[in-house]
1. N524 - would you say it is without any contact (Cβ under 8 Å) to a residue 12 or more places away in the chain and not in a loop (DSSP other than H, G, I, E, B)?
2. In the stretch 249-288, which residue that is of a type in the set (G, A, S) and not in a loop (DSSP other than H, G, I, E, B) is farthest from L201 (Cα to Cα)?
3. It is to be established whether one or more residues within the stretch 681-698 are within 20 Å of L438 (Cα to Cα) and either surrounded by fewer than 16 Cβ atoms within 10 Å (Cβ to Cβ) or at pLDDT below 95 (or both).
4. When you check S79 against the structure, is it within 16 Å of the ligand (Cβ to nearest atom) and in a helix (DSSP H, G or I), yes or no?
5. Under the condition of being in a loop (DSSP other than H, G, I, E, B) and surrounded by 24 or more Cβ atoms within 10 Å (Cβ to Cβ), which residue from the stretch 102-112 is nearest to the ligand (Cβ to nearest atom)?
6. Those residues that are within 33 Å of the chain's Cα centre (by Cα) and either at pLDDT below 95 or small (G, A, S) (or both), I need them from the stretch 655-673; list them, please.
7. Tally the residues that are surrounded by 19 or more Cβ atoms within 10 Å (Cβ to Cβ) and outside any loop (DSSP other than H, G, I, E, B), restricting the search to the stretch 732-766.
8. Checking Q203 against (1) within 15 Å of the ligand (Cβ to nearest atom); (2) closer than 25 Å to T288 by Cα; (3) not hydrophobic (A, V, I, L, M, F, W, C), only one condition comes out false. Which one?
Amino acid sequence: MKKFLSSLFLLLPFILLAQLKSPSEFLGYELGTQFTRHHQVVDYYQYLAQQEPSRLQLMHYGETNERRPLLLAFISTESNMKNLEEIRNAHLDNVKGEGAPNMAIVWLSYNVHGNESVSTEASMQTIYDLLTSKKDYLEDLVVIMDPCINPDGRDRYVNWYNQYKNTPYNVDPNSKEHHEGWWSGRSNHYMFDLNRDWAWLTQVESQQRLKQYNKWLPHVHVDFHEQGVDNPYYFAPAAEPYHEVITDFQREFQETIGKNHAKYFDANGWFYFTKEVFDLLYPSYGDTYPTYSGGIGMTYEQGGSGRAGLGIINSIGDTLTLKDRIAHHHTTGLSTVEVASKNVGRLNTEFRKFYQQKNFRPQHFILNGNPDKLEALANLLDQHGIEYNTGSNASYKGFNYTTSSSGSLRASKNSLVVSTDQTKGTLAKVLFEPKAKLSDSVTYDITAWSLPYAYGLDALATESSVQQSPYESSKETYGIANTNSYAYLADWNSMKDAKFLAELLNKKVRVRYAQKPFSLDGANYDRGSLIIVRADNKNLGDFTQILDNASKKYTKKLTPANTGFVDNGKDFGSSYVEVLQELKIAVLSGEPTSTLRFGEIWHFFEQQLNYPISVLDESYFNRVDLSKYDILILPDGWGYYSFMTEKVAEKIKDWVNKGGKLIAMGGAVDGLAKQKGFGIKEKEQKKDSTSNLQAFDTSEREYIKSAITGAIFKTTVDTTNPLAYGYEEPYFTLKLGDRSYNYLEGGNAVYLAEGQNTPVSGFAGSDAKKKIAETLIFGTERMGRGHVIYMIDNPLFRGFWENGKLFFANALFMVN
Ligand SMILES: [Zn+2]
């Protein structure tokens, strides 16, 4: 009996541990034999939080577009969890160079790409182990886990897979369960890639996550991904180019972590690679953004993704299963935590050093320009915790962004001044500097993103210290005081103005706009200025109220006018003053289009402009009566050569001739150019007679000669073209490739003029520069009673090129 009791005591800890259910026990199937739907993942995390309230806190930090919950799990020892807020404050004191913190913060982010679906499964095993067998790692650590950054995308994949899979699952790569189709689960609801959105914060998931992220600024951040089925596994250290702000320690510690992973992978006989493909430059990734925030930011890539399902045969005949994929991400997750637990002191010392080194050049950025654009930028900076002030009326010398040369600029009370000598100075430098230094031109993403160009502001980067005053938001009052005016006038030069107009059209207000500049009561109004006349809206009972509300909602200044008889220019009743009413807009979706490019348009209408659209899928496009729509948008994509048959082109042309307005973007322009009757012509390319006898190993370097990896170019603008209303010269465009079209016979709104084919920022290869010389960027063509608008570059790219959005709004509203 005695003997029996003592052995029971020996067993007791195991019995207690066994009370906490593993993911397999909780879910009722062995982890890796099914995909777990998001609500089940949430259930498991909630179960753990209920069972282990002293060691795990679950935070519901937001919701997705499709109303799925976004969660963070905080785990550590019982005594650490009691002091979680003190630990966080001590960590943030370290940023300021104060205190002596002795805890490290590790943040693990899973499933940012929805169909890279293994990582959420792995997260459940990882958190279970951190609460049980690996709990010793947590003595001096807080681990923060986001089990699924992109629940809408993940469930899109998982539900699709469950519907289409064979039973039992079929490893034949040709079977449907390995072919997801156009509406894939990679991106979020609006088809945005959340792993390109950390810096621009266009999406609700990113906005809500970053609020929490900035409260913690972890020492280590891992973003779990998947790559192609035939690639084994990628982990840190990353590939070149590294941004120059990345410290020696950040480089070195990536190596430390990578070597620890390698130890486990070697022991298991698993393959992996490092230092290839995934670089550290573009700031909007889940590895670079944390790196520019002082952490060790890393991407881990398992082979698999949306193709792999529960199991698939790869090209060398091996079977890759979901269980294998879980094992690998589970191993690197735990190994990361292990390395951090052994380096707590070092992580803290180096983190402090990162935030203390603030001798950056340039020291200050001065920004001037349109108040709406400055306000939009200030909004973004607020979300990043980047501080700014205004100027104190003095001129400074430095690099002038507009002229791309040294010059001077005045910093006034209307300017924004951003210093690199601040807590978020590294991030400020990366986002604002005119050019990122490239250690290598072969990169995974765009090489230029400088915010002054993206927001269309005059800017100066200076090494001088700048006298500053605190920023105060505008105290102007909005609405309409004089409710009996003949008309109300508003300027037209920003995305905010477009939102205001969209609101009025939604509310059935009739709005006029000026095609010629005019002056009235001593004020000058440019082309595009809005004229809202009472008599136009006499049938609208609550006209005054609608106008007053819209002015307040969009902080839009309206100037009352008591006459339509202008001092200079065209009177309000002139045929040069165009009438706008509610518009019916359709957007093509499906195979010819790119999901990302379609998604940018969808998001633009529903979440930025707030204007309704109809989505027409290509599968039934031929049956749709286009006469029901005023505007048809063809998003960029690769599939137009097969979609744009003569029949489809005839249908579209016929509709345009009768008064329709077609907006063709990127690849859609390629499709139209092959058809008769459109004025757009591809630029002929003279073949270079370069030698074919290059060494075999130089092919990647050769390829970059014809590449433009997201570079910024100065353009020429015809500000009298309706497509360019509200713009001033110059406009800086973000070019994503070498698509090249000749100038139109008329209607060239934005183009590269002679000598403008060298980027002001970013990389363009020598052949590509020749190809894009003197080509069209945005243009309009009259066709019968309608119009065709060509957009060779993409002003809506990733939703962050703020200064391009008005071109798109002009295409909708001003070209008539
Ligand atoms: Zn990914």
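The values are calculated or read from the model by the stated rules, or taken from the named source; none is laboratory data. What you are looking at is a predicted structure, and each value in this text was computed from that prediction instead of being measured. Cβ coordinates were reconstructed from backbone atoms using ideal geometry, including for glycine residues, and neighbour counts include every protein chain displayed.
1. Working: without any contact (Cβ under 8 Å) to a residue 12 or more places away in the chain: yes; not in a loop (DSSP other than H, G, I, E, B): yes.
So N524 passes the test.
2. Of all residues in the stretch 249-288, those of a type in the set (G, A, S) come to 258, 262, 267, 269, 284, 286.
Narrowing further to those that are not in a loop (DSSP other than H, G, I, E, B): 258, 262, 267.
Working: G258: 30, A262: 34, A267: 41 Å.
Once the filter is applied, the top-ranked residue is A267.
3. Step one: list which residues in the stretch 681-698 are within 20 Å of L438 (Cα to Cα), which gives 698.
The next check asks that each one be either surrounded by fewer than 16 Cβ atoms within 10 Å (Cβ to Cβ) or at pLDDT below 95 (or both); those that pass are 698.
There is at least one residue in the stretch 681-698 that is within 20 Å of L438 (Cα to Cα) and either surrounded by fewer than 16 Cβ atoms within 10 Å (Cβ to Cβ) or at pLDDT below 95 (or both).
4. Working: within 16 Å of the ligand (Cβ to nearest atom): no; in a helix (DSSP H, G or I): yes.
No; evaluated as a whole, the condition is false for this residue.
5. Here is the first cut: in the stretch 102-112, the residues in a loop (DSSP other than H, G, I, E, B) are 102-103, 110-112.
The next check asks that each one be surrounded by 24 or more Cβ atoms within 10 Å (Cβ to Cβ); those that pass are 110-112.
Values: Y110: 11, N111: 9, V112: 6 Å.
Filtering first and then ranking leaves V112.
6. G660, A664, G666, G667, A668, G671, A673
7. 11
8. For Q203, the exception is condition (1).
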